[in-house]
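Scroll down for the structure; my scribbles are underneath it.
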Amino acid sequence: MPTTAKTKAKNTADRKTRRSQSAKPAKKAPQINALELLEQDHREVEEYFDEFDEIEDDNRKEELAQKICMALTVHAQIEEEIFYPAARQATEDNDLLDEAVVEHASAKKLIAEIEEMGVGEELFEAKVRVLGEQIKHHVREEEEELFPELDRTDLDLDALGSQMAQRKEELLKQLQSA
């Protein structure tokens, strides 16, 4: 179902409100809570999707599609390598985490298709928008179900966040140099 301009504006305003309500002073320290790191990634990619929907310039759309794909690729990898195994052990919620892994597989398939395409090709924009819808659903489940569940465990989210931030930095460097 196509998203209306009014809905897009409301979604953007809602995200900005959530960000300002949860905003914390910026720190340069490498210490970051795992959930905060993932939420930052979620907000970043949501902004990319919003901008993609609003712009007309094909070059900018192509650039944003590549940014979306790279950000999601790195995000999925740190979740699968580090976050999900720790979350699985801490919560023993296999159903929710199995669902997340399946959602990642679906997103990866779309990402691969988008990366092979260019603006103007048939279904390019539709695939980016569908990816955005899938990611929105995935983010909502993580933030509303998994994250609160993890907050109730004794998992060291600060140590996990540091490990994830370090791995994210490594992956970004690898992708940017490729």
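FYI, it's all coordinate maths here, none of it is from the lab. Predicted model only: the values in this text are computed from it and were never measured. Here the Cβ is made from the backbone with ideal geometry for all residues, glycine too, and neighbour counts use every protein chain on show.
Along region 130-146 the Karplus relation, 6.51 cos²θ - 1.76 cosθ + 1.60 evaluated at θ = phi - 60°, assigns HN-Hα couplings of 5, 4, x, 5, 5, 5, 4, 4, 4, 4, 4, 5, 4, 6, 8, 10, 6 Hz to successive residues, with x for each Gly and Pro.
Sorted ascending by nearby beta carbons within 10 Å, beginning with the fewest, GLU121, GLU113 become GLU121, GLU113. Put in order of Cβ neighbour count within 10 Å, fewest first, the listed residues ILE111, ILE55 become ILE55, ILE111. Scaled to the globular estimate 2.2 N^0.38 Å, the Cα spread of region 37-157, given as radius of gyration, is 1.13.
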